[in-house]
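Working notes for the structure below.
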Amino acid sequence: MVTAFIPVRGGSKSIPLKNIRPFCGKPLLWWSLKALQDSPEVDRIVVATDSDEIAGVASGAGFPKVRIYRRSRENATDTASTESVMLEYIHAAGLSGSEIFMLVQATSPLTRTEDFSGALKTYGSGSYDSLLSCVRSYRFFWNSNGTSANYDYLHRPRRQEFEGNLMENGAFYINTVAGILSNGNRLGGRIGIWEMPSWTAFEIDEPDDWTIMEALMRTHVLKGCGGKPVRLFLTDVDGTLTDGGMYYSEEGDELKKFNTRDGMGFRLLREKGILTGIVTSEDTLLVERRAKKLKVDLLVQGKGFEDKKKAVEEFCSQKGITMEEVAYMGDDIGCVPILEAVGHPGCPSDACAAAKAVPGIYVSPVKGGDGCVRDFIEKLL
């Protein structure tokens, strides 16, 4: 039996209720729960908390392995150690000594299922009494007395020749229940290392960490898009291909300003054999002309939120394309149903909050109408 234990209290001082604050569109805790739920080696996920709000988010996530443990008040203070909470739960649950106990930190949302599973398989080989996650640092360290700590400064090694040093990243620690009870610690005996990528070195402790970690999550874990290659690229019009402005001539004709760089992006997609399309709720001759100039394969106009999504699904079915192979850029509430359904969602920097909150979405640094579609296309390619 493998228990993944996540201690999360509600009294964080640096970032109040940080464990359920939205992170890349989901509560921070959700990412650890999801990765653990998808790991076949994990049998049970225990969220130890003193907060009703955190307990509600954890139990409402819909992951069957999740259990809530109400940690005692004395073990939910600023001075309480993580070990004290672990020992409290072990005694309260009556776990047997042979059970595997994995301490997981919710403040390390970059930890993937393959890390949890791989580390548990390594631990299961019996070569170690306990195991922890680390990253390799290639920095040169110095002691306060002016001596070099990990290299000879008179013979400064090149990076290719430098093995670096292993550093705890705080993602997880594995031990048996018996080992924890014996040492009163998460580690003990022969300690093994599960090495993780360098970009997992960060933990969320301060507000500035949030921005850094979200960028790392989108770049390395979510990759700003889905895992399958793009076979169909779609975009909205107002707020993406245009700046969302409404322009009228003296004669009352409606005008829109498009960006030529976006047009080149469509050409780059065609050269890669990727189908393209425009999906919008409007129904205008102006958009029809722009679609013709861009040589798109699909034009959907004049349909509501869900009808647009159905039209995309029907087109994909005809072409033998899955929704995971579709990229879509939208900026407003009406775009959310498609953004949530595709494998590669994207939005401009000035999109509405609901669009930006879609899990795994690539938020372009460019505003609508200023070339955000081209930016997204280059990101995908």
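Counting only Cα atoms, the size of the chain along its three principal axes is 83, 56, 40 Å, in decreasing order. The ranking of Glu378, Glu271 from fewest to most other beta carbons within 10 Å of each one's beta carbon is Glu271, Glu378. Residues whose amide H lies under 5 Å from that of Leu17, counting only those 5 or more places away or on a different chain, are Ser12; hydrogens are built 1.01 Å from N in the peptide plane.
Near the amide H of Arg67, within less than 5 Å, lie the amide hydrogens of Ile45, Val46, Val47, all on another chain or at least 5 residues away, with H placed in the peptide plane. Here r is the Cβ-Cβ distance between Arg44 and Met167 and R0 is 30 Å; the resulting FRET efficiency, rounded to 0.05, is 0.55.
Given Cα positions, please report Rg to Rh for segment 79-190, the hydrodynamic radius being the Kirkwood one. It would help to have the intermediate numbers written out before the result.
On the way: Rg = 17.7 Å, Rh = 16.4 Å.
Rounded to two decimals, Rg over Rh is 1.08.
Can you compute the helix-only [θ] at 222 nm over the chain? Use -39500 (n - 2.57) per DSSP H run of at least 4 residues, normalise by all residues, nearest 500 deg cm²/dmol.
Working: 12 runs with 115 residues, N = 381.
Helix-only estimate at 222 nm: -8500 deg cm²/dmol.
Across segment 308-323, rounded Karplus estimates of 3J(HN,Hα) from the backbone phi angles (6.51 cos²θ - 1.76 cosθ + 1.60, θ = phi - 60°) give 4, 5, 4, 5, 5, 4, 5, 5, 4, 4, 5, 8, x, 10, 8, 5 Hz, Gly and Pro being marked x.
Ranking of Phe202, Phe141 by neighbouring Cβ atoms within 10 Å, starting from the fewest: Phe141, Phe202.
Modelled spin-label separation between Thr113 and Ser59, with each label point placed 7 Å from Cα along the Cα-to-Cβ direction: 2.6 nm.
What are the equivalent ellipsoid semi-axes of segment 2-216, built from the alpha-carbon gyration tensor (square roots of five times its eigenvalues), in whole angstrom, biggest first?
Details: eigenvalues 180, 92, 59 Å².
Semi-axis lengths for segment 2-216 are 30, 21, 17 Å.
GNM remark for the chain: springs join alpha carbons under 10 Å apart, and the peak mean-square fluctuation among Ser125, Ser84, Ser144 falls on Ser144.
Taking amide H as placed 1.01 Å from N in the peptide plane, Thr240 has its amide H under 5 Å from the amide H of Gly369, each at least 5 places away in sequence or on another chain.
Potential lengthening of the chain between Glu288 and Ser137 amounts to 48.9 nm, from the contour at 0.36 nm per residue minus the alpha-carbon distance. The string of couplings for segment 156-162 from the Karplus curve (6.51, -1.76, 1.60, θ = phi - 60°) is 4, x, 6, 4, 5, 9, 9 Hz, one whole number per residue in order, with x for Gly and Pro. Counted by neighbouring Cβ atoms within 10 Å, the residues Met264, Met196 run from fewest to most as Met264, Met196.
For segment 356-364, 3J(HN,Hα) computed residue by residue from phi via the Karplus equation (6.51, -1.76, 1.60; θ = phi - 60°) reads 5, 7, 5, x, x, 6, 8, 9, 5 Hz, glycine and proline entered as x.
Where a number appears in this text, it was derived from the coordinates with a stated rule and is not lab data. Fair warning: this is a prediction, and the values are worked out from it, not measured in the lab. Neighbour counts run over all protein chains shown; Cβ positions are idealised from the backbone, glycine included.
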